[in-house]
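The values are calculated or read from the model by the stated rules, or taken from the named source; none is laboratory data. Everything numeric in this text was worked out from a predicted model, so none of it was measured. Here Cβ is always computed from backbone atoms with ideal geometry, including for glycine, and neighbour counts include all displayed protein chains. Protein only, heavy atoms only, side chains kept; ligands, DNA and RNA dropped before computing areas. Shrake-Rupley method; radii C 1.70, N 1.55, O 1.52, S 1.80 Å.
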Amino acid sequence: QKEVEQNSGPLSVPEGAIASLNCTYSDRVSQSFFWYRQYSGKSPELIMSIYSNGDKEDGRFTAQLNKASQYVSLLIRDSQPSDSATYLCAVKLWGGGADGLTFGKGTHLIIQP
Amino acid sequence: DGGITQSPKYLFRKEGQNVTLSCEQNLNHDAMYWYRQDPGQGLRLIYYSQIVNDFQKGDIAEGYSVSREKKESFPLTVTSAQKNPTAFYLCASSPEGGETQYFGPGTRLLVL
């Protein structure tokens with residue numbers, strides 16, 4: 001059974017601080033990992049994808065992957081009130097063809113002005 | 001503009017009624033997907049299609065049906081067999097290889 005686990009939150013972070021969002025997954029052969037941001041009532045929007053161990057940076061966002069520990073995280077630097085949303089971690093099984101992603105339930109992030 | 005469109009934004013279903021949700025994309029993506037999202041829950045895969053005239057069941061296909069007659073279109077029918085259809089329905093597509101998925105704006109289905 002493929003599982004993706006996230007702390008549901010809410011995670012409250014002061015404006016300007018670093019927000020750290022975590023995700024663990026159960027399937028050791030998973031190879032592709034994605035972070036989506038979802039505002040209330042809206043559809044998910046892709047933020048980052050990561051495929052290799054280590055860090056990947058894009059603007060204020062950094063994704064970190066540790067396959068040995070089956071752990072992927074998202075760091076948001078200089079957090080802004082507009083970053084307040086639910087962040088979904090998604091995992092795609094390697095060699096699984098074009099079937100869907102497995103999603104976590106999401107972490108609700110609140111940036112306090 | 002390229003993108004994924006879903007209609008309607010809101011849909012109301014009466015007991016025993018079948019309803020169809022539309023999903024269209026002009027991104028020339030090969031693969032298309034339907035997910036369901038319940039409050040406080042992650043997305044769950046209903047059906048997916050890699051190519052025209054072919055589709056596969058996802059994790060929660062019971063009570064749903066799809067068709068893929070055109071590359072651009074992947075409509076989802078919620079049948080009367082789906083006893084708990086109230087949810088937010090999301091369509092997604094991805095280019096060949098099925099890696100990154102992009103989502104449409106969603107359809108919220110409510111039962112009268």
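Table for the structure above
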item	result
Residues being part of a strand (DSSP E or B) and either under 10 Å from the mean Cα position of the chain (by Cα) or over 14 Å from B:G42 (Cβ atoms) (or both) - total across segment A:1-23	9
Subset of segment B:23-53 [in contact with a Lys or Arg (Cβ under 9 Å, 6 or more places away or on another chain), of a type in the set (A, V, I, L, M, F, W, C) and either in contact (Cβ under 8 Å) with a residue 24 or more places away in the chain or more than 10 Å from chain A (Cβ to nearest Cβ) (or both)]	B:M32, B:L43, B:I46, B:V52
Criterion violated by A:Q64 - all others in (1) among the polar types (S, T, N, Q); (2) touching an Asp or Glu at 6+ places or on another chain (Cβ under 9 Å); (3) touching a residue at least 40 places away in the same chain (Cβ under 8 Å) satisfied	(3)
Top-ranked residue of segment B:25-45 - restricted to ones that are in a strand (DSSP E or B), in contact with an Asp or Glu (Cβ under 8 Å, 6 or more places away or on another chain) and of a type outside the set (D, E, K, R), ranked as farthest from A:A90 (Cα to Cα)	B:Q25
Residue match in segment B:58-73 (condition: facing chain A (nearest Cβ under 10 Å) and under 26 Å from A:Y36 (Cα atoms))	yes
When residues of segment A:51-72 are limited to those that are open to solvent by 70 Å² or more (accessible area, probe 1.4 Å) and part of a loop (DSSP other than H, G, I, E, B), the one nearest to B:Q37 (Cα to Cα)	A:Y51
Residue in segment B:66-89 that is assigned to a strand (DSSP E or B), acidic (D, E) and at pLDDT 95 or above present	no
Members of segment A:1-50 found to be of a type in the set (G, A, S), in contact with a His (Cβ under 8 Å, 6 or more places away or on another chain) and open to solvent by 40 Å² or more (accessible area, probe 1.4 Å), listed by number	A:S8
Pair list, Cβ under 8 Å, 6 or more apart: segment B:4-22 residue more than 16 Å from B:C91 (Cα to Cα), other residue loosely packed, with under 12 Cβ neighbours inside 10 Å	B:F12/B:L110; B:F12/B:L112; B:R13/B:L110; B:R13/B:L112; B:K14/B:L112; B:E15/B:L112
Selection count where residues are of a type in the set (G, A, S), more than 11 Å from chain A (Cβ to nearest Cβ) and surrounded by 15 or more Cβ atoms within 10 Å (Cβ to Cβ), scope segment B:74-110	1
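Yes/no per residue for (1) closer than 21 Å to B:Q101 by Cβ; (2) within 13 Å of chain B (Cβ to nearest Cβ); (3) out of contact with any Pro (no Cβ under 8 Å at 6 or more places or on another chain); (4) at pLDDT below 95:
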position	(1), (2), (3), (4)
A:S52	yes, no, yes, yes
A:L65	yes, no, yes, no
A:P81	no, no, no, no
A:P113	no, no, no, yes
